[in-house]
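Worksheet: one structure, shown below.
The values are calculated or read from the model by the stated rules, or taken from the named source; none is laboratory data. Just so you know, these numbers come straight off a predicted model, no measurement behind them. Glycine gets a Cβ as well: all are built from the backbone with ideal geometry, and neighbour counts include every protein chain shown.
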Amino acid sequence: MRFLSVFAAAASLVGLCNGLGQEEIISFRPSRDGLQLAGKGRSGSLILDGEDWPGVLRAGNDLAEDFGRVTGKKLETTVINGTFADALRHGRHDNGIIIAGTIGKSNIIDSLIKSRKIKVDEIKGEWEAFQSQVVSNPVRGISKALVIAGSDKRGTIFGLYDISEQIGVSPWYWWADVPAQQHKEIYALNKKKVQGAPSVKYRGIFLNDEQPALTNWVTEKFGLGKYDGYTADFYTKVFELLLRLRANYLWPAEWNGIFDLDDDKNARLGDEYGIVLGTSHTEPLMRWTKEQILFLEGAWNYDTNKENMTEFLTEGVERSKNYERVYTMGMRGIGDVESPTLTAELLGEVVDGQQQILRDVFKQDDVSDIPQMWCLYKEVAGYFEDGLRVPDDITLLWADDNWGNIQRLPIGDETERKGGAGVYYHFDYVGGIRSYKWINTISLQKTWEQMHLAYEKQAREIWIVNVGDLKPLEIPISHFLDLAYDHDLLKSPDSTTKWLKQFAAREFGSAVADAAADVMNRYGMYAARRKYEIVNAGTYSVVNYDEADRVVNEWRKLVEDAQKIHDRLPAAARPAFFQLVLHPARAGYIVYDIYVTAAKNNLYARQRRTGANALAEEALRLFDEDFEWGDRYHSLLDGKWNHMMDQTHLGTDYWQQPMRNNLPPLQYTQIRERSLAGDMGVSVEGGFGVVPGDDERNIGLSNNDLILPPIDPYIPHRWIEIYSRGTESFEFKVSPHDSWVKATPSSGKISPKGKTDTRVLISIDWANAPEGSNSASINVTSSRDYGNFGMPTIHLPVNKTMAPDSFKGFVETDRTISIEAEHTSRKTDGDGVSYKTIPGYGRTLSGVALYPNTIDSQSAPSSPRLEYDTYIFSKDAKADVTVYLGTSLNVDPERPLKYAIGFDSEEPQVVQYVEPTPMGALPSNWDPTVGTAVWTNNTIHNLEGGGKKHTLKLWALEPGVVFQKIVVDLGGVRESYLGPPETPRL
């Protein structure tokens, strides 16, 4: 009964969850003039026309099965051949009838149009459009029916699957084991729903980089085809998923397969289902990479082997001409590398020759109605810059940098090209700086920002995304395809958080939707901060800002929250939640815990701590847990998804994946011998040194002194650590010289076989502390001697400086001001131009950008700006300001990304932070930028300090500039990955 209650609760949110924002046509309660489709002993009926497309008939059967999944009773399906009146001769009538068909292919639908029972003016002739409505007396003997009319084959299919989704069957019911919602009754609302043409014409995925996980899984579950590629038993599962996700386009797995030859049913079934097939950017005219190696006579060189290449490519068109395909034009070198022989001039000849092949095979002079695309990937874009222009009817498919940053979009009259433009995007990649292909590391907010930019810049013909193995990327795939299908529903900068709630409600039920969406949202930010394959023991600081501990604790809390949701769900819903939410959350947590534990182990070993060994053992335990957690995924549902976690992900040290996971280096301390400096060691926040007895690495005054970072009223505490580095237990005491300095705990016991480490918090009683700047001394004593070294002394700079009560804004603390970009003191807008916040964007909180994306270049200081009031205590301050920005590239080479910055009334400094590059090339500092998932840039400003208010002003000068964070360094910023946490905002 718990299963029923959780999922039945979603019934009241049909429009919100089941259709992910799509207009609802289904209810689970009676409504005025509505039509009961199932319940109260009725099984419902579906009427189709046998003359309709095979894919429509097949999708209709899926709908009938879906009713069974939801109510326990399938729809009775009738396929008629002849006139609409023939429907009356089959089965029961007036019993929850659904009629579905395609305009011009279904006699049933055409007769309803002719008799004016339905009007289809809004969808007729449109691409993939449909309408659904309850029709009274469609034919004698039927008082009411829900009629689904499609403008074409996929329009009808999408109309059928729209009902499936709204009654409670997720598109991921098989691929992610999402259970169908349970309902006793289903009703069609008495309304007309019109779903027009999709926002993007061709929308799909690329199964690429499919070794080892996907191939190992397919081999076990389906077997491999003639050339070791995938068979129809596998691909039909993919076809159905894509259609349920309202997609229509697929680049099949390419590296070790030949889609058209591995299984002679692949091509035919793809077309029957309604999937448009294409090939990757490196596989022209439907000839796969492996074919280029196996079947081409001579070299893959158009200059020296033109005749054989023409014959080879012609065969590709001949065998595919009867199917719906998008033909890839142009060429690269064999095996997806740059060709050493191609030039812009020669590539122009290649494309001309390819279009001639299309003319010859299709026997028509005009081939503009045959879908063609040219992917400007890597060096190929350089040919465009060199002046190559392909015929106007070829779609220009612009590529990202393989890391989700689009490199170029249409400019000028390129938006008028007949073939239009599109985007080739990546959620998975094999190549530099590292291959990333284990589990989901995608920020949905970044995807939204980039694809919304593409849509606004008129790249709307093709959206294709590399999804690697498909399986671990269910959430970003759904989001990407929803953006492409009905972009207007998701055009708002805050749409991603709303979409996540809708997705969670559909997959897990409305009772846990908010909590699950919050977990997925946080996961997306944490995982996207740095690809798992690039994280290492040195990524996050273990001494500054408590960064490493904060990050691990975020992951720990994420897993705790995910586990609570999982445990609330009925048993049937847990496998889906495990795959989509809990597994990636805990898998990510384990990876981060491994690296931070290893980092602490190395630090402790460097400080000769006894506790180093326990951390090494903990890292080894986590290493086992990493394997066991993946193994749990493989054992789920009797091994349904075995091998999907085969991808290695620990120990990547160059671009390619390691052949086996391994741990980062660990160190052990000899704990059977006493340190020459005694049994006690002391270290402080912000430093690696240890007293007594450290060497020149110590950050302090002498071998027995350490200095803490400054403290002020806006910092709650600093810390020191006291630990064992010997063989005997000891008692310690922390004794500040001044009564207004507090140590918590001020004493304790350390044992090499018990509690080996203690953190002591140092705080200030500000009411009794002296005004201004002072230095406090803190002694640490031990019950045992220090060998040949003296008693440790800690020095703490204390600054009792506070902003006036009247001040509102950010105050300097620790000689730093750190600001999240959305926390403005003021924003100014322009005529139709304003700053919008993208919640959850970036590495720490959100992004702020100018919208709409169609605006002209802006000019500071008159253009819209962001303002941040700050209060600075440092005297004669030289402010080094770092702005953290999204990793976008210059999609318009004539309008490189820029921002302007200034304090108060000073002349704004204009910063072009993405250097111009030739097309197909990347900026010189691209590697560290995508590795850290942020652009940073510094400017210097001379400010009058000593207790002054200053207003920092920031201008975005181009669409695509996304501010994340601003850090003002007044001499106190210390090394960290994410930058200093936000300082107090009064």
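Some points to look at:
- Condition check for A619: among the hydrophobic types (A, V, I, L, M, F, W, C), in a helix (DSSP H, G or I) and under 29 Å from S729 (Cβ atoms): yes
- Lone qualifier among P371, P391 - being in contact with a strand residue (DSSP E or B) (Cβ under 7 Å, 6 or more places away or on another chain) and not aliphatic (A, V, I, L, M): P371
- Selection of strands (runs of 3 or more DSSP E) fully inside the stretch 724-815 by the criterion of at least 2 residues being within 16 Å of F873 (Cβ to Cβ) returns 772-782, 793-800.
- Within the stretch 167-187, residues that are touching a residue at least 12 places away in the same chain (Cβ under 8 Å) and farther than 23 Å from R29 by Cβ reach partners that are surrounded by 21 or more Cβ atoms within 10 Å (Cβ to Cβ) and among the β-branched types (V, I, T) with beta carbons closer than 8 Å, at six or more positions or on different chains, in the pairs W172/V178.
- Of the set (1) in contact with a helix residue (DSSP H, G or I) (Cβ under 8 Å, 6 or more places away or on another chain); (2) closer than 22 Å to N466 by Cα; (3) of a type in the set (S, T, Y), all apply to Y383 but (2).
- Boolean, R784 is at positive phi, touching a residue at least 12 places away in the same chain (Cβ under 8 Å) and among the charged types (D, E, K, R): no
- Residue-level check: of (1) of a type in the set (D, E, K, R); (2) modelled with pLDDT of 75 or more; (3) assigned to a loop (DSSP other than H, G, I, E, B), R58 misses just (3).
- Residue-level check: of (1) within 22 Å of P284 (Cβ to Cβ); (2) in a helix (DSSP H, G or I); (3) in contact with a Phe, Trp or Tyr (Cβ under 8 Å, 6 or more places away or on another chain), F384 misses just (3).
- From the list E122, E185, the one residue that fits, being assigned by TED's automatic domain parsing to the domain that holds L75 and either over 22 Å from D52 (Cβ atoms) or surrounded by 19 or more Cβ atoms within 10 Å (Cβ to Cβ) (or both), is E185.
- Answer residue from the stretch 877-904, given it is part of a loop (DSSP other than H, G, I, E, B) and in contact with a strand residue (DSSP E or B) (Cβ under 8 Å, 6 or more places away or on another chain) and is farthest from T983 (Cα to Cα) among those: V891
- When T314, T341 are checked against the criterion of being over 30 Å from the mean Cα position of the chain (by Cα), assigned to a loop (DSSP other than H, G, I, E, B), farther than 18 Å from V390 by Cα and β-branched (V, I, T), T341 stands alone in meeting it.
- None of G651, G678 is more than 27 Å from the chain's Cα centre (by Cα), on the phi > 0 side of the Ramachandran plot and either in a loop (DSSP other than H, G, I, E, B) or surrounded by fewer than 13 Cβ atoms within 10 Å (Cβ to Cβ) (or both) except G678.
- Residues (of a type outside the set (G, A, S) and either surrounded by fewer than 16 Cβ atoms within 10 Å (Cβ to Cβ) or modelled with pLDDT of 95 or more (or both)) located in the stretch 800-813: K800, P804, D805, F807, K808, F810, V811, E812, T813
- Among the residues making up the stretch 610-641, those that are of a type in the set (G, A, S) and crowded, with 19+ Cβ neighbours inside 10 Å are G611, A612, A616, A619, G630.
- Given (1) more than 30 Å from A527 (Cβ to Cβ); (2) of a type outside the set (S, T, N, Q); (3) surrounded by fewer than 22 Cβ atoms within 10 Å (Cβ to Cβ); (4) in the same structural domain as I901 (by TED's automatic domain parsing), number of the condition R865 does not satisfy: (3)
- Test for L500: is it in contact with a Gly (Cβ under 9 Å, 6 or more places away or on another chain), under 28 Å from E414 (Cα atoms) and in a helix (DSSP H, G or I): no
- Meets criteria (within 38 Å of the chain's Cα centre (by Cα), assigned to a loop (DSSP other than H, G, I, E, B) and among the small types (G, A, S)) for G687: yes
- The one condition in (1) of a type in the set (K, R); (2) under 28 Å from G689 (Cα atoms); (3) assigned to a helix (DSSP H, G or I) that R608 fails to fulfil: (3)
- Screening V367 with (1) more than 19 Å from N466 (Cα to Cα); (2) among the aliphatic types (A, V, I, L, M); (3) part of a strand (DSSP E or B) gives one miss only, at (3).
- Picking from residues in the stretch 328-346 that are in contact with a Phe, Trp or Tyr (Cβ under 8 Å, 6 or more places away or on another chain) and either outside the structural domain of W398 (by TED's automatic domain parsing) or over 24 Å from W255 (Cα atoms) (or both), the one that is surrounded by the most Cβ atoms within 10 Å (Cβ to Cβ) is L346.
- Residue that is nearest to K446 (Cα to Cα), among those in the stretch 938-978 that are in contact with a helix residue (DSSP H, G or I) (Cβ under 9 Å, 6 or more places away or on another chain) and of a type outside the set (A, V, I, L, M, F, W, C): G960
- Of S859, S777, S846, S825, all but one fail to be over 35 Å from the mean Cα position of the chain (by Cα) and among the polar types (S, T, N, Q); the exception is S777.
- Boolean, D428 is at pLDDT 95 or above, assigned by TED's automatic domain parsing to the domain that holds G330 and within 18 Å of the chain's Cα centre (by Cα): yes
- Filtered residues of the stretch 868-892 (kept if surrounded by fewer than 20 Cβ atoms within 10 Å (Cβ to Cβ) and modelled with pLDDT of 95 or more): D869, D880, T882, D892
- The sole residue among E915, E907 that is part of a loop (DSSP other than H, G, I, E, B) and under 20 Å from I433 (Cα atoms) is E915.
- No other residue among P959, P923, P980 is more than 16 Å from E547 (Cβ to Cβ), touching a Ser or Thr at 6+ places or on another chain (Cβ under 6 Å) and either outside the structural domain of P896 (by TED's automatic domain parsing) or modelled with pLDDT of 95 or more (or both) apart from P923.
- If you go through the stretch 125-158 and pick out every residue that is surrounded by fewer than 24 Cβ atoms within 10 Å (Cβ to Cβ) and either of a type in the set (G, A, S) or in the same structural domain as D486 (by TED's automatic domain parsing) (or both), you end up with 4.
- Residue that is surrounded by 22 or more Cβ atoms within 10 Å (Cβ to Cβ), on the phi > 0 side of the Ramachandran plot and of a type outside the set (A, V, I, L, M), where the choices are G509, G524: G509
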